[in-house]
1. Shape of the stretch 68-113 from its Cα gyration tensor (a ≥ b ≥ c, root eigenvalues): rounded if a/c is under 1.5, otherwise prolate when a/b > b/c, or oblate?
2. Leaving out same-chain residues fewer than 8 places away, which lysines sit with a Cα under 28 Å from that of K101?
3. Checking the cross-link filter: which lysines have an alpha carbon closer than 25 Å to that of K124, excluding same-chain neighbours under 8 positions apart?
4. Assuming R0 = 22 Å, what is the FRET efficiency of E90 and K124, from their Cβ-Cβ distance, to the nearest 0.05?
5. Could you work out how far the C-alpha centroid of the stretch 71-87 sits from that of the stretch 105-155, in angstrom?
6. Å³ per residue of the Cα convex hull, for the stretch 60-155?
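Read-outs: derived from the displayed coordinates by stated rules, not from any lab. Keep in mind that this is a model prediction, so the values were computed, not measured. All Cβ positions, glycine included, derive from the backbone under ideal geometry; neighbour counts span all protein chains shown.
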Amino acid sequence: MSLLVKRQKNSLPSIMNDFFNAGRLWPGIFDMDGDQMDFDGGRRSMVVPNANIVENDKDYRIELAAPGLERKDFKVEIENGVLSISAEKEEERVEEGANFKRREFSYNSFSRSFSLPDNSMPDKIEAKYDNGILRLVLPKKEVTMTKPVQEIKVS
């Protein structure tokens, strides 16, 4: 069995975002309920989740850590041998007081794509979302061993 873990790292953080991040300068302007804001004022979209891929004799297993979502937020598609996993979540928060009404919208999304190996069976893929983890099982085709050429003597 082999395990492939892909982690995305930012080697150089954005200086402007670090400088103007919430809590460092003017928290009332840049901090909206503790959520992080980009320097341009827009909400950060959801970080692309890391994927764990495990291959064993019978199948491939993909796990994506995507907490805070629901099953209905995911879209899993296969096209031309490419498995695409995406999610979108829209939220609206309304806070009303005696002299004010505050309304905030947020939109989060991500998309990941994987090239399917030739020995996978795309029509048999199973997906399950539970406790913040999306799990996909991609069954493998049974490999039929070709028999060696058998020579028949002619008499």
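1. Prolate shape, in that a/c is at least 1.5 and a/b is the bigger ratio.
2. Cross-link targets: K89.
3. Reachable lysines: K6, K58, K72, K75, K140, K141.
4. After rounding to 0.05, the efficiency reads 0.10.
5. Here the answer is 15 Å between Cα centres.
6. Convex hull of Cα atoms, per residue: 110 Å³.
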